[in-house]
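Working notes, structure below.
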Amino acid sequence: MTGGARRASVARVTQLKLDTFLPYRLSVVSNSVSEAIATAYVRLFGLRIPEWRLIAVIAEAQPITQQAVGVATRMDKVTVSRAAQALAERGLIARQPNAGDKRSHLLSLTQTGQALYDQVAPKALEMEAAIFEQFDRTERRTLSAMLERIEAAVARVAPESAE
């Protein structure tokens, strides 16, 4: 193979086409789903995506630190902090000092926050059902297993980003 033919071959192999680049497609699909949910949650509950994610995570694991929320949701510290502050100002979450770590706070839902979660959760499940209604149970399980494998692969390839 000549030098020019080798360069042309390498160029073809390394050419990036976004419509077939799976990380890009995953991101676009994720953003589309998030936008659809965000539109509904802002309209129905006055919640932005980071806020409803905090409410959902707190409901499952309260009390929980802001740092643990960030790990669970993959949101950065500033986003978690702003969402927590907005929810506290609305009386939806309580922030208590963490006896185990004086630098952090434990977050938990207030009664009002729990009541809101009790409205949000069924809507989330309804939206999930609508988005995935064209998939049968086996396909949904396969997709879930594939997503878990992708997460595990990302942790192997870029362990610092998976922490």
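Looking only at residues in region 91-101 that are among the aliphatic types (A, V, I, L, M) and outside any loop (DSSP other than H, G, I, E, B), which one is nearest to L54 (Cα to Cα)?
Applying the filter and picking the extreme gives I93.
Residue under question is R25, and the condition is that it be at pLDDT 90 or above, touching a Leu at 6+ places or on another chain (Cβ under 9 Å) and either acidic (D, E) or farther than 30 Å from L116 by Cβ (or both); does it hold?
Criteria met by R25.
Looking at (1) more than 19 Å from R48 (Cα to Cα); (2) surrounded by fewer than 18 Cβ atoms within 10 Å (Cβ to Cβ); (3) modelled with pLDDT of 90 or more, which is the one condition that is false for S104?
Result: S104 fails condition (3) only.
Can we say Q96 is closer than 15 Å to I58 by Cα, open to solvent by 80 Å² or more (accessible area, probe 1.4 Å), under 20 Å from the mean Cα position of the chain (by Cα) and not aliphatic (A, V, I, L, M)?
Values: closer than 15 Å to I58 by Cα: yes; open to solvent by 80 Å² or more (accessible area, probe 1.4 Å): yes; under 20 Å from the mean Cα position of the chain (by Cα): no; not aliphatic (A, V, I, L, M): yes.
So Q96 does not fit the description; no.
Going through V33, V57 one at a time, which residue ends up being in a helix (DSSP H, G or I), at pLDDT 95 or above, closer than 23 Å to I150 by Cα and open to solvent by less than 80 Å² (accessible area, probe 1.4 Å)?
It is V57.
Examine region 70-90 for a residue that is farther than 19 Å from S34 by Cβ, open to solvent by less than 80 Å² (accessible area, probe 1.4 Å) and not in a helix (DSSP H, G or I), and state whether such a residue exists.
no
For region 149-163, name all the residues that are within 16 Å of the chain's Cα centre (by Cα) and exposed (fewer than 10 other Cβ atoms within 10 Å of the Cβ).
Within region 149-163, S161, E163 qualify.
When you scan region 113-123, do you find a residue that is open to solvent by less than 50 Å² (accessible area, probe 1.4 Å) and among the basic types (K, R), even just one?
yes
From the list E128, E133, pick out the single residue that is free of Cβ contacts under 8 Å to residues at least 12 places away in the same chain, open to solvent by 90 Å² or more (accessible area, probe 1.4 Å) and in a helix (DSSP H, G or I).
E128
Based on what the data block shows, is G46 closer than 21 Å to K123 by Cβ and either open to solvent by less than 50 Å² (accessible area, probe 1.4 Å) or not aromatic (F, W, Y) (or both)?
Working: closer than 21 Å to K123 by Cβ: yes; either open to solvent by less than 50 Å² (accessible area, probe 1.4 Å) or not aromatic (F, W, Y) (or both): yes.
So G46 passes the test.
Name every residue in region 22-51 that is in contact (Cβ under 8 Å) with a residue 60 or more places away in the chain and within 16 Å of I131 (Cβ to Cβ), in order of residue number.
Passing the criteria: L26, V33, A36, I37, A40, Y41.
The values are calculated or read from the model by the stated rules, or taken from the named source; none is laboratory data. Just so it is clear, the model here is predicted, and its values are computed rather than measured. Cβ coordinates were reconstructed from backbone atoms using ideal geometry, including for glycine residues, and neighbour counts include every protein chain displayed. Ligands, DNA and RNA are stripped out before the accessible areas are found, and what is left, the full protein with its side chains, is counted by its heavy atoms. Shrake-Rupley method; radii C 1.70, N 1.55, O 1.52, S 1.80 Å.
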